[in-house]
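**Q** Could you have a look at this structure, given as structure tokens, before my questions?
The values are calculated or read from the model by the stated rules, or taken from the named source; none is laboratory data. Keep in mind the model is a prediction, meaning the values are calculated, not measured. FYI the Cβ positions are ideal-geometry reconstructions off the backbone, even for glycines, and counts take in every protein chain you see. The accessibility values were calculated without ligands, DNA or RNA, using every heavy atom of the protein model including side chains. Shrake-Rupley method; radii C 1.70, N 1.55, O 1.52, S 1.80 Å.
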Amino acid sequence: MQKKYAVKMPNKLKCKILRDSHNAKLFSLIIILVVIGEFLVLCGFAQAEDGYRLWLRYDLITEAEKLSAYKTAFIAINMEGNSPTLNTARKELSNGLAGLLGTRLAFVQAITKHGVIVVGTPQSSPMIAALNLQKKLHAAGEEGFIIHSMNANGKKCTVIAAQNDIGVLYGVFHFLRLLQTRQDINVLSIISTPKIKLRLLNHWDNLDGSVERGYAGTSLWDWHKLPDYISPRYKDYARANASIGINGTVLTNVNANAMVLTARYLEKVAALAEVFRPYGLKVYLTARFSAPVEIGGLPTADPLDAQVRAWWRHKADEIYRFIPDFGGFLVKANSEGQPGPQNYGRTHAEGANLLAEAVAPHGGVVMWRAFVYDNNMPEDRAKQAYNEFKPLDGKYRNNVLIQVKNGPIDFQPREPFHPLFGVMPRTPLMMEFQITQEYLGFATHLVYLAPLFKEVLDADTYAHGEGSLVANVIDGKLDQHTLSGIAGVSNIGDDRNWCGHPFAQANWFAFGRLAWDHRQTAEIIADDWLRMTFTNNEKFIAPAQSMLLASREITVNYMTPLGLHHLMGWSHHYGPGPWIDQGRADWTSVYYHRADSLGIGFNRSPSGSDAVGQYFFPVRQKFGDLATCPEPYLLWFHHVPWQHKMKSGRTLWEELCFKYYSGVDSVRAMRKTWETLAGMIDDERFSHVQALLKIQEQEAVWWRNACLLYFQTFSKLPIPQEYEKPDRTLEYYMQLKFPYAPGI
Ligand code: GCV
């Protein structure tokens with residue numbers, strides 16, 4: 001994936017020089033320019049970048065002191081063993097160091113000098129076997145690794161070791177990251193182990209190449225040409241995932257197509273699995289519940305029907321013949337029109353167990369989604385998943401995980417944590433985050449999602465008293481589950497830079513890093529990503545990092561402040577649509593904001609839908625009482641009078657105006673900050689971000705104006721004098737149509 005940089009001489013110029021052999025001076029001048037150009041490129045200046053390399057850029061270290069320290073510390077590599085994963089790790093390490101240090105290190109058999117990097121497992125490397133690392137390796141676990149500065153044969157060396165080959169690869173990526181981010185490497189003592197077992201991307205990719213809620217081009221999977229044509233991107237994709245510890249990928253949309261389970265497609269899936277395998281990336285598929293009818297010719301898909309059970313068992317056997325390490329199924333059932341067990345009067349547990357039984361002999365899992373709600377149910381949508389799933393705790397086979405979205409509605413810019421976390425102690429619950437920005441400005445807005453992920457992971461459910469964090473529900477610690485999982489709905493497409501917005505890559509990166517270790521901070525992850533993706537220039541890092549860290553709150557402010565939610569345009573979810581009141585009720589905006597002449601917000605307190613009752617004490621009390629409910633969730637849980645006094649001393653209406661206006665002002669400030677960074681990174685990505693920030697500002701103004709003008713029809717209160725006046729009317733915003741918005 002390393003891009004080759006060459007300074008090209010224009011053809012016309014070449015011809016002229018060849019024809020005119022007397023023009024030696026001009027020729028020399030051009031040679032000098034070419035050499036200077038190549039030097040600048042080598043030094044990382046003036047380099048054209050298209051974002052393809054993501055955070056895996058191994059350009060020459062330009063800080064002389066650091067370079068010399070690293071060159072002294074690392075002079076050779078000792079790495080034996082010969083498996084596909086070890087070979088991948090060897091190549092990564094060798095290429096990475098060659099790029100960073102500007103010289104390719106030799107591979108040595110013995111440690112006769114200071115500065116050897118010793119890499120491998122006790123099985124692959126006699127040197128590591130001799131170093132007595134059992135305890136540390138045990139602590140690192142099956143997928144983890146250690147990186148230690150040690151003495152071997154009286155010589156200083158750096159050991160990258162693991163119990164298994166995949167841990168070695170993860171260790172190599174971590175080690176290279178230390179250099180990419182210019183860390184001190186003299187005394188290393190790292191033991192790193194993933195907190196969560198299944199760390200998956202969910203692709204909402206369709207077999208026709210489209211991506212539901214995808215904003216970075218079309219699907220990476222070229223189903224038409226697979227299995228014969230293997231795009232080089234498949235390997236680069238697996239490599240990027242391995243570099244952040246992601247170990248599984250669900251290739252297909254949860255709004256599933258049964259055809260992917262036919263032999264013709266399984267052959268294609270197997271080809272992808274083959275490419276991904278050395279990177280420790282397992283493939284999973286979505287299973288359409290009605291597949292036995294649609295592709296199996298059976299009259300029913302009833303999970304208790306003997307023929308249906310046999311069909312799924314045979315289907316699983318067939319899949320495992322194609323893909324021996326197939327991970328399992330992800331299922332969306334009885335939600336948004338997808339078929340499921342309830343079509344046959346059966347429960348979600350009966351449905352999940354049917355598939356779990358089929359994959360169990362092969363070691364597969366079933367991830368059954370809790371994103372279930374029904375507009376025919378006269379119950380607050382926010383309560384429905386809990387009502388459906390909690391009673392089924394303990395009824396699932398032991399290879400079933402319930403995959404729960406971070407909040408009770410649907411990936412809004414801010415939601416309280418899902419009340420299911422903590423209430424199903426006998427079932428492993430997986431987290432589902434959305435990396436693709438369906439509700440956060442598509443791939444046009446700069447929004448760093450790590451603060452959102454952290455807010456949910458660090459939330460306290462109080463399931464077993466104080467300190468029962470959501471993170472410990474999903475890593476299995478709270479209720480002692482060995483099976484644990486986390487999924488991120490992918491933001492990856494076939495755009496050259498993978499994620500559309502150059503900064504959207506940070507969300508893929510942050511998801512992987514938090515899936516590996518949810519205790520890491522959004523700050524450190526942002527810092528690493530910026531250094532690896534752009535530059536180590538501190539003058540760039542500090543302002544760019546503050547932009548990243550503030551961006552999510554800024555977006556909440558100009559889209560859905562104070563707990564508002566689900567205000568976006570109908571179906572495509574592009575832009576504001578707080579006036580939407582037609583169609584399926586629980587897909588309208590008015591269902592959620594409930595604005596009227598008295599106030600605004602959804603009363604989910606005990607006097608309303610009592611959704612707060614689904615949380616443990618004291619969370620339910622805190623959320624349920626207007627006086628103690630944190631203001632960021634206020635309108636999620638309460639219908640609040642327009643004149644209600646907020647903590648700031650402003651009335652609710654004034655506060656709403658303040659939030660929307662400060663959201664826009666902050667985007668303007670981000671634009672200004674970005675302008676000050678010109679020249680510190682490559683022009684290509686600089687101007688790409690610059691242009692997108694301009695759109696972000698326009699769209700933030702659009703959100704602000706449309707929402708405030710609309711809510712004003714209820715509050716009947718003026719937008720305070722000090723603010724600029726909306727330059728369009730509400731009618732203007734309401735008539736905007738976007739039939740070709742991406743992602744549908
Ligand atoms: C894949 C939301 C999205 C849908 C998505 C669904 C889900 O409703 O708008 O596109 O469908 O969530 O998560 O299943």
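**Q** What percentages make up the Cα-Cα pair-distance distribution of the range 185-343 when the bins are 10 Å wide from 0?
**A** With a bin width of 10 Å, the distribution comes to 10, 36, 33, 15, 4, 2, 0.
**Q** Averaged over every viewing direction, what's the projected area of the C-alpha convex hull for the range 476-521? Give it in nm², one decimal, please.
**A** Its average projected convex-hull area is 4.1 nm².
**Q** Please arrange 155, 197, 672 by accessible surface area, largest first, computed with a 1.4 Å probe and ligands excluded.
**A** From most exposed to least exposed: 672, 197, 155.
**Q** What Kirkwood hydrodynamic radius, in Å, does the chain give when the mean of 1/r is taken over all pairs of distinct Cα atoms and then inverted?
**A** Result for the chain stands at 27.7 Å.
**Q** Would you kindly find the accessible area of residue 731, with a 1.4 Å probe and non-protein molecules such as ligands, DNA and RNA excluded, rounding to the nearest 10 Å²?
**A** Estimated to the nearest 10 Å², residue 731 gives 120 Å².
**Q** Find the all-direction average of the projected area of the Cα convex hull for the range 397-528, expressing the result in square nanometres with one decimal place.
**A** Quarter of the Cα hull surface area: 8.2 nm².
**Q** Helix-only mean residue ellipticity at 222 nm, the chain, DSSP H runs n ≥ 4 weighted -39,500 (n - 2.57), per residue, nearest 500. What is it?
**A** Taken over the chain, the calculation gives -12000 deg cm²/dmol.
**Q** Ratio of alpha-carbon Rg to the 2.2 N^0.38 Å globular estimate for the range 407-457, to two decimals, please.
**A** Cα-based Rg divided by the globular estimate yields 1.26.
**Q** If you don't mind, there's one more thing I want to ask. For the range 597-653, restrict the atom set to alpha-carbon positions and state the Rg and Dmax in Å.
**A** So, for the range 597-653, Rg and Dmax equal 11.1, 33 Å respectively.
**Q** Once you treat every alpha carbon in the range 49-137 as an equal point and sum by Debye, what is log10 I(q)/I(0) at q = 0.17, 0.24 Å⁻¹?
**A** -0.82, -1.22
**Q** Can you spot the lysines whose alpha carbon is less than 20 Å from residue 135's alpha carbon? Ignore those fewer than 8 places along the same chain.
**A** Reachable lysines: 195.
**Q** Follow-up. In debye to the nearest 20, how big a dipole does the range 559-666 give about its Cα centre with +1 on each Lys and Arg Cβ and -1 on each Asp and Glu Cβ?
**A** Charge dipole, the range 559-666, about its Cα centre: 200 debye, nearest 20.
**Q** What aspartates and glutamates sit close enough to residue 71 to cross-link, taking a C-alpha to C-alpha distance under 15 Å and skipping anything fewer than 8 places away on the same chain?
**A** Result set, ordered by chain and number: 59, 63, 184.
**Q** Out of residues 5 or more away from residue 434 or on other chains, whose amide H comes under 5 Å of its own, with H placed 1.01 Å from N in the peptide plane?
**A** Amide H neighbours of residue 434, under 5 Å, 5+ apart: 489.
**Q** Please work out the average accessible area per residue across the chain, using the 1.4 Å probe convention, and give it in Å².
**A** I get 39 Å² per residue for this part.
**Q** In this model, which of 694/737; 332/737; 395/622; 694/716 are farther than 27 Å apart at the alpha-carbon?
**A** Flagged as over cut-off: 332/737; 395/622; 694/716.
**Q** Order the following by accessible area, largest value first: 580, 524, 541. Probe radius 1.4 Å; ligands, DNA and RNA are ignored.
**A** The ordering from most to least exposed comes out as 524, 580, 541.
**Q** I'm a student and want to see the number: the projected area of the Cα convex hull of the range 74-224, averaged over all directions, in nm².
**A** 11.3 nm²
**Q** Whole-Å semi-axes of the range 624-744's equivalent ellipsoid, largest first, each the root of 5 times a Cα gyration tensor eigenvalue?
**A** Each semi-axis is the square root of five times an eigenvalue, giving 31, 19, 15 Å.
**Q** For the range 653-744, what is the relative contact order in percent, using Cα pairs closer than 8 Å and at least 6 residues apart in sequence?
**A** Once divided by the residue count of the range 653-744, the mean separation gives 36 percent.
**Q** Still on this structure: Roughly how many Å² of residue 374 are accessible to a 1.4 Å probe, to the nearest 10?
**A** Here the accessible area works out near 60 Å².
**Q** Report the full-extension gain for the segment residue 110 to residue 672: residue separation times 0.36 nm, less the Cα-Cα distance, to one decimal in nm.
**A** Here the answer is 196.8 nm.
**Q** Another one. Solvent-accessible area of residue 713, probe 1.4 Å, all protein chains present, reported in Å² to the nearest ten, please.
**A** 60 Å²
**Q** I've got another one for you. Ignoring ligands, DNA and RNA, please state the percent of accessible area on the chain from carbon and sulfur, probe 1.4 Å.
**A** Here carbon and sulfur together make up 54 percent of the probe-accessible area.
**Q** Follow-up. Taking H as built 1.01 Å from N, whose amide H comes closer than 5 Å to the amide H of residue 198, not counting residues under 5 places away?
**A** Here 484, 485, 486 satisfy the definition.
**Q** Still on this structure: For the range 317-436, take N as its residue count and report Rg(C-alpha) divided by 2.2 N^0.38 Å.
**A** 1.08
**Q** Which ³J(HN,Hα) values in Hz, rounded to whole numbers, follow from the phi angles of the range 724-731 under the Karplus curve 6.51 cos²θ - 1.76 cosθ + 1.60, where θ = phi - 60° and Gly and Pro get x?
**A** 5, 7, x, 8, 10, 8, 4, 4
**Q** Which whole-number value in Å³ per residue fits the convex hull of the alpha carbons of the range 195-234?
**A** With only Cα atoms used, the range 195-234 gives 114 Å³ per residue.
**Q** Using +1 at the C-beta of Lys and Arg and -1 at the C-beta of Asp and Glu, which of 307, 615, 133 has the Cα lying farthest in the positive direction of the dipole of the chain?
**A** Checked the options; the winner is 133.
**Q** Here is a follow-up. With +1 on the Cβ of every Lys and Arg and -1 on the Cβ of every Asp and Glu, and nothing else charged, how large is the dipole of the range 386-435 about its Cα centre, in debye rounded to the nearest 20?
**A** 200 debye
**Q** Around residue 575, which amide H atoms from residues at least 5 apart in sequence, or from another chain, sit under 5 Å from its own amide H, with H modelled in the peptide plane?
**A** 569
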